[in-house]
Amino acid sequence: MTMVDKRVLIITGLLIIISNSCMNLDDMNINPNGVDPSKGNPNLLLSSIETYIGTTVVNLGFGDIAGVMQHTQKDGWSGSHNSYNWTTSDHNWGDYYKILRNIDEMYDKSVEMELDFHQGAALVLRAYVFGLITDLWGDAPYSQALKGDLGGEENIKPVFDKQEDIYTGILADLDAANTLLSGKQSEYFSISPVQDLFLGGDVNKWQKFANSLALRYYMRLSEKAPSVAQAGITTILADPDTYPIMEDASDDVNLSYYGNSEIDAWPTDTTNHGFKQGAYARLKMCATLVEPMQTYNDPRLPLWAEKVDIPLVAVASPAARDDIVDSVRYIGPDVVSEYESLHGVPIDFDPEYVGFPPAWSAVAQAYNLCPDINQAPHNPHASHLNKRYMNTDGPLLKARILTAAEVNFIIAEAALKGWASDPQGHYEQGIQASLDAWGVGSEGAAYILNPGVVYDGTLEQIMEQKWIASWTATAESWFDFRRTGLPGLLPGTVVKRNAIPLRFYYGVDELNYNPDNTNAAINLLEETAYSMEDGKNSAWSKMWVLQ
């Protein structure tokens, strides 16, 4: 497939999505290509579904959740990113259900046309999106969802299924997908590799995707329903012929960006999204991530972050010195004392990488003696994102849907529980898979021997490396953190509540248009000390899996 072909395909998929977003719920049952649903082509639907899922994953994991999980911080318009200043207006699941309507159409058409590959792929994608919904909100419409075209109050205002039942349905869909995708490539027909933007129509890789996603959800249940989790994980790992899984970076499920326009370009590119006070300018590296990566001599850090432009150097005298010589800023003790007294944080004199402390101040743009205190300035004394994130596209600019690194870390954790073998091997394989995915795999053998990285047999170490590897896809690390408390993140100073949030609020649309069922779901949430004036519908209330 040529690059021109890819770009035409991605634009087509995105135009499908845009047209869908303008439709009401009844219209959403019309094929996105503008033809009768009975004539819809599952291949065309697949490309649009994958594009929208990829955009969603990046918007989550490179957006506000990257702030929650302290990969990045913003120094402009930072409230939702740094401080969890969310409300019922901030997160809405409407777009997730739009994706599911297309998946539903793809599945129905595949059944009608007896296309086992497309049926299996649709079930995997359905499980993936419903998994995101229940992970983010809790109870949600599931068994009665996507039936608005049938009319009737129960279909227009569907009940919310319990989270436990949604997880059960997800795992059942993935098991069915494994069966549908278990044949040889030659046994399937009507596959268009060009239009499968995730895996190029490779049936075996889709089967691995299904089973690896099942491992994610069994581990999600490991604290709440350990017997279910153990049985599911051991069944998959005991029979790799029946249940193949993702093992190395060549199996990763990714979506590349093509950069033709704002719609299909990386979200911080400076061509379409602007530079001054734009998305790239606002984002800086967070110290919580930068500092351990520096300690471990992590080869991924220079891929993700820029070194400071002008290092700070402390001098003993004169006390008021503050000048730049040969691209180094020299500051005396009076300057240091004044800054630290005003802001309550020490100056970071690291000559290479400087991350922002999490939610450290309402004037985050002033960090580390930045001379420009406008919103989203260029800070010469702190680490911006690597300049690759100014580009519209590139070989490393991908939506990372599910990776072999994550799968290996899951197995390493399962091995600590006695549900699998060789925790060290899978821990090291998880690291290697991440380094391979970022193009620095040749440094893996040395990296795993670094102090702090060399295997010590603790869950803390596994979860820290899994968290590092989740760069640009941190939503999964958020879900892990809620379950394990690892890595041991602490909220910053200027935050809405003095705790990491646990979920999204049910939004105003659900509260306004489906109030009875929404309130029934809210009543099943468990308040915590940080729910406070929100009541049960709080970002700090516990959904079923956390209760």
>> Testing Tyr389 on (1) in contact (Cβ under 8 Å) with a residue 24 or more places away in the chain; (2) open to solvent by 50 Å² or more (accessible area, probe 1.4 Å); (3) among the hydroxyl-bearing types (Ser, Thr, Tyr), one condition comes back false. Which one is that?
In response: (2)
> Do we have Ala473 as under 24 Å from Val407 (Cα atoms) and open to solvent by 10 Å² or more (accessible area, probe 1.4 Å) here?
Replying inline: yes
> Does Ile133 fit the bill of being more than 20 Å from the chain's Cα centre (by Cα), within 30 Å of Phe481 (Cβ to Cβ) and among the hydrophobic types (A, V, I, L, M, F, W, C)?
Replying inline: no
> Which members of segment 372-411 meet the condition of being in contact with a strand residue (DSSP E or B) (Cβ under 9 Å, 6 or more places away or on another chain), in a loop (DSSP other than H, G, I, E, B) and farther than 18 Å from Ala279 by Cβ?
Replying inline: Pro380, His381, Pro395, Thr403
> Is there any pair linking a residue in segment 511-529 that is closer than 21 Å to Ser89 by Cβ to one that is open to solvent by 40 Å² or more (accessible area, probe 1.4 Å) and part of a helix (DSSP H, G or I), with Cβ under 7 Å and at least six apart or on different chains, and which?
Replying inline: Thr518/Leu511
>> Being open to solvent by less than 20 Å² (accessible area, probe 1.4 Å) and over 20 Å from the mean Cα position of the chain (by Cα) is true for just one of Ala445, Ala414. Which residue is that?
In response: Ala414
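Each row is one residue, and each column tells you yes or no for (1) open to solvent by less than 30 Å² (accessible area, probe 1.4 Å); (2) among the polar types (S, T, N, Q); (3) over 20 Å from Pro515 (Cα atoms); (4) touching a Cys at 6+ places or on another chain (Cβ under 8 Å).
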| position | (1), (2), (3), (4) |
| --- | --- |
| Gly138 | yes, no, no, no |
| Glu153 | no, no, no, no |
| Ile156 | no, no, no, no |
| Asp161 | yes, no, no, no |
| Ile166 | yes, no, yes, no |
| Gly169 | yes, no, yes, no |
> Identify, please: which residue in segment 237-254 is open to solvent by 10 Å² or more (accessible area, probe 1.4 Å) and aliphatic (A, V, I, L, M) and is, among those, nearest to Gly120 (Cα to Cα)?
Replying inline: Ile245
>> Being under 25 Å from the mean Cα position of the chain (by Cα), surrounded by 15 or more Cβ atoms within 10 Å (Cβ to Cβ) and part of a loop (DSSP other than H, G, I, E, B) is the filter here; which residues of segment 533-547 pass it?
In response: Asn537, Ser538, Ala539, Trp540, Ser541, Met543
>> Give all pairs with beta carbons closer than 9 Å in which a residue from segment 162-183 that is free of Cβ contacts under 8 Å to residues at least 60 places away in the same chain meets a residue that is hydroxyl-bearing (Ser, Thr, Tyr) and outside any loop (DSSP other than H, G, I, E, B); count only pairs at least 6 apart in sequence or on separate chains.
In response: Ile166/Thr134; Ile170/Tyr128; Ile170/Thr134; Ile170/Tyr217; Leu174/Tyr217
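Residue by residue, here is whether (1) open to solvent by 20 Å² or more (accessible area, probe 1.4 Å); (2) touching a residue at least 12 places away in the same chain (Cβ under 8 Å); (3) within 14 Å of the chain's Cα centre (by Cα) holds:
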{"site": "Ser48", "(1), (2), (3)": "no, yes, no"}
{"site": "Thr55", "(1), (2), (3)": "yes, yes, yes"}
{"site": "Asn59", "(1), (2), (3)": "yes, yes, yes"}
{"site": "Gln73", "(1), (2), (3)": "no, yes, no"}
{"site": "Gly76", "(1), (2), (3)": "no, yes, no"}
{"site": "Thr87", "(1), (2), (3)": "yes, yes, no"}
{"site": "Asp90", "(1), (2), (3)": "yes, yes, no"}
{"site": "Leu100", "(1), (2), (3)": "no, yes, no"}
> With segment 128-230 as the region, which helices (runs of 4 or more DSSP H) entirely inside it contain at least 2 residues that are modelled with pLDDT of 95 or more and within 17 Å of Leu115 (Cα to Cα)?
Replying inline: 163-180, 203-220
> How many residues, within segment 360-377, are more than 31 Å from the chain's Cα centre (by Cα) and either farther than 27 Å from Ala316 by Cβ or open to solvent by less than 20 Å² (accessible area, probe 1.4 Å) (or both)?
Replying inline: 1
> Which residue out of Ala314, Ala366, Ala319, Ala362 is out of contact with any strand residue (DSSP E or B) (no Cβ under 9 Å at 6 or more places or on another chain), touching a residue at least 12 places away in the same chain (Cβ under 8 Å) and over 26 Å from Ile65 (Cα atoms)?
Replying inline: Ala319
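The values are calculated or read from the model by the stated rules, or taken from the named source; none is laboratory data. Fair warning: this is a prediction, and the values are worked out from it, not measured in the lab. Because the Cβ atoms are built from the backbone with ideal geometry, glycine has one as well, and the counts that use them run over all protein chains shown. Note: areas computed on protein heavy atoms with side chains; ligands, DNA, RNA excluded. Shrake-Rupley method; radii C 1.70, N 1.55, O 1.52, S 1.80 Å.
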